Amino acid sequence: MFDLELTKSNNLQKHEVLVGRIDKNHPKFTEVDGNLKKLTAGYRGEKSVDYFLKSLPSKRHHIFQGLRLPIGKNFFQIDSLLMSTKSGLLIESKNYAGTLLFEKNQLTRTLSGSNEKEIFQNPLIQANNHKILLKYFFEKNKIPVIPIEHLVCIANTSSNIIISPGYIDAEKRVTRAENLLHKIEENDKFYTKDVFDEKTVGKLSKLLKNKHTPLIPNILQKYGIHKSEITGVQCPRCSLIPMLYKGRYWECLSCQMRARDPFIKAINDYFLLIKPTITNHELVEFLHLPSARAATYLFSFLNFPYKGTNKGRVYHQPQLFP
């Protein structure tokens, strides 16, 4: 069963919104867009793994995806973790394209049609480190010792995987996504002795979900972008920012599209990129409204929860919006 399902990370969502809001000529655009492409590729790889994990018998494993746990003052994140009464299996997913050469100390990638090589950390080392940290986490929380294995799953079907001669650990633990179910089956057949009972696994599941701490970065601070650089309502047809507020509708100066509610996405963008609260004055500035009265009208239409009165009123992001 999926105790923690795969979702788009807050970091990926913020990058998607930010790329759509900053000018293409902004000095940080290339960096933000490059990081978005990496995050998107990673998410697609995780979705490929998720496809096969959903084929597993529902009662055999407790499955956690995107699990981020504290260890000391730091955190570590596991792409996929399968727990049963017999063992645990940690899966690190990668969506690298090109020719991948696995060596003991590094991963070298060569893209098709290029002689340039990129050097990455060997994901097997990363997965093994996460396995060690998970064991430390279990020890700290007084979880009984249980065998834990780790795999690296290459999701990109067009990648060419080469393993350095004699690198037996990589031959055993590096797999393609389409072979993942076989690897999981091998692991389940190897570990046949129960270490936990179902009640203990249930307690472990509750602990992992309670300790799960998603990363919520301050993306504007990360790139040194001021909030004034990302204001305005975006046209849903041509993506121009800002649209003009005309009272009953919004109008795009580029394609002349008229729409009643594109401001709702803009407010969602504000909550995602800036903060989960907003005042009347902040709404005026962010949506380029002509007056505080217009902001008050929109707030009455949205019916947001709030605290305070008059000029001191602060509106809060609802749990489900829009």
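The values are calculated or read from the model by the stated rules, or taken from the named source; none is laboratory data. Every value quoted in this text rests on a predicted model; they were computed, and no experiment measured them. Neighbour counts run over all protein chains shown; Cβ positions are idealised from the backbone, glycine included. Heavy atoms of the whole protein, side chains included, go into the accessibility calculation; ligands, DNA and RNA do not. Shrake-Rupley method; radii C 1.70, N 1.55, O 1.52, S 1.80 Å.
Worth a mention:
- One residue stands out in the stretch 134-175 among those that are under 23 Å from Glu103 (Cβ atoms), of a type outside the set (Ser, Thr, Tyr) and out of contact with any helix residue (DSSP H, G or I) (no Cβ under 8 Å at 6 or more places or on another chain): the one that is surrounded by the most Cβ atoms within 10 Å (Cβ to Cβ), namely Ile161.
- All positions within the stretch 227-242 that are open to solvent by 70 Å² or more (accessible area, probe 1.4 Å) and in contact with a helix residue (DSSP H, G or I) (Cβ under 9 Å, 6 or more places away or on another chain): Lys227, Ser228, Glu229, Pro236
- Looking only at the stretch 58-105, and only at residues there that are among the β-branched types (Val, Ile, Thr) and farther than 22 Å from Asp197 by Cα, the one that is surrounded by the most Cβ atoms within 10 Å (Cβ to Cβ): Ile91
Results for (1) out of contact with any Phe, Trp or Tyr (no Cβ under 8 Å at 6 or more places or on another chain); (2) farther than 15 Å from Phe301 by Cα; (3) assigned to a loop (DSSP other than H, G, I, E, B), shown as yes or no for each residue.
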position	(1), (2), (3)
Ser239	yes, yes, yes
Gly247	yes, no, yes
Gln256	yes, yes, yes
Leu272	yes, yes, no
Lys275	yes, yes, yes
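- Once the stretch 192-226 is narrowed to residues that are in contact with a strand residue (DSSP E or B) (Cβ under 8 Å, 6 or more places away or on another chain) and under 20 Å from Met1 (Cα atoms), the residue that is surrounded by the most Cβ atoms within 10 Å (Cβ to Cβ) is Leu208.
- All of (1) more than 30 Å from Pro242 (Cα to Cα); (2) touching an Asp or Glu at 6+ places or on another chain (Cβ under 9 Å); (3) assigned to a helix (DSSP H, G or I) hold for Lys47 with one exception: (2).
- Criterion: under 25 Å from Glu31 (Cβ atoms) and of a type in the set (Lys, Arg) - qualifying residue of Lys206, Lys211, Lys222: Lys222
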